[in-house]
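Some notes on the structure that comes next.
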Amino acid sequence: MLGLEKIRYITPEWNLNVFSMFKSFYFCEKESIETIASLIAEEINYFYKEKTFTIEANKWIPAEIKYPSGIVHNYTLEIVLDKKRNIVFFSKFVRVLPDEIVEYAKAIGLNKFIFAPKNAVNSDDTDGIDD
């Protein structure tokens, strides 16, 4: 199995939401970073251990970030794993909000800033993504 240190980790410069992740890490408690890093490592290790012909996969990792003030924010990090080239690509980092806040944001016209997959429980056609 390939060691984690042999894998290239790529954050594209155009992907501002992923850079926001690192900004959040700067201000959060150390244990939040360690937990998220552990979850990323588990996904990578599991993917490399799988006995399949899959060479690329998208993985969504839940991230709970705790701040010293006691505030907790929930996020989801999407990574793309490429076994053939040994690359982890940090693709998306999005905040997970309660339904009430999402509905309020839609009510005041912020639909284009809301991402809700079509198969989400409370999803409608106003997910901000052009089909």
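Given +1 on the Cβ of Lys and Arg, -1 on the Cβ of Asp and Glu, and no further charges, what dipole in debye does region 42-99 carry about its Cα centre, rounded to the nearest 20? Could the numbers behind the result be given before it?
Values: 9 positive and 8 negative charges, 44 e Å.
Dipole magnitude for region 42-99 comes out near 200 debye.
Inter-label distance, K84 to N45: 2.7 nm, where each label sits 7 Å from its Cα along the C-beta direction. Sequentially through region 43-55, phi angles give Karplus couplings (6.51, -1.76, 1.60; θ = phi - 60°) of 4, 5, 4, 4, 4, 6, 7, 4, 9, 10, 8, 5, 10 Hz, Gly and Pro residues having no value and appearing as x.
Under the convention that each Lys and Arg Cβ holds +1 and each Asp and Glu Cβ holds -1, the size of the dipole of region 4-96 around its Cα centre is about 240 debye. Shape class for region 4-96, computed from the alpha carbon gyration tensor (a ≥ b ≥ c): prolate, with a/c not under 1.5 and a/b above b/c. 3J(HN,Hα) couplings calculated from phi for region 26-41 with the Karplus curve 6.51 cos²θ - 1.76 cosθ + 1.60 (θ = phi - 60°) are, in sequence order, 4, 9, 8, 6, 4, 5, 5, 5, 4, 5, 5, 4, 5, 5, 5, 4 Hz; Gly and Pro show x. A cut-off of 5 Å between modelled amide H atoms, ignoring neighbours fewer than 5 places along the same chain, links S91 with E78, I79, V80. Think of region 1-108 as having a plus end and a minus end, set by charges on the Cβ of Lys, Arg, Asp and Glu; of I65, V96, A37, A37 sits farthest toward the positive end of this dipole. Counting only residues at least eight positions apart within a chain, or on another chain, the lysines with an alpha carbon under 18 Å from that of K23 are K66, K92.
Of the listed pairs K6/K51; K30/K112; K30/K106; K59/K112; K30/K84, which have alpha-carbon separations greater than 28 Å here? Don't skip to the answer; put the middle values down first.
Values: K6/K51 20 Å; K30/K112 33 Å; K30/K106 34 Å; K59/K112 24 Å; K30/K84 32 Å.
Cα-Cα > 28 Å for K30/K112; K30/K106; K30/K84; rest within.
The numbers here are math on the coordinates, done by the rules we state, and not lab data. Everything numeric in this text was worked out from a predicted model, so none of it was measured. Here the Cβ is made from the backbone with ideal geometry for all residues, glycine too, and neighbour counts use every protein chain on show.
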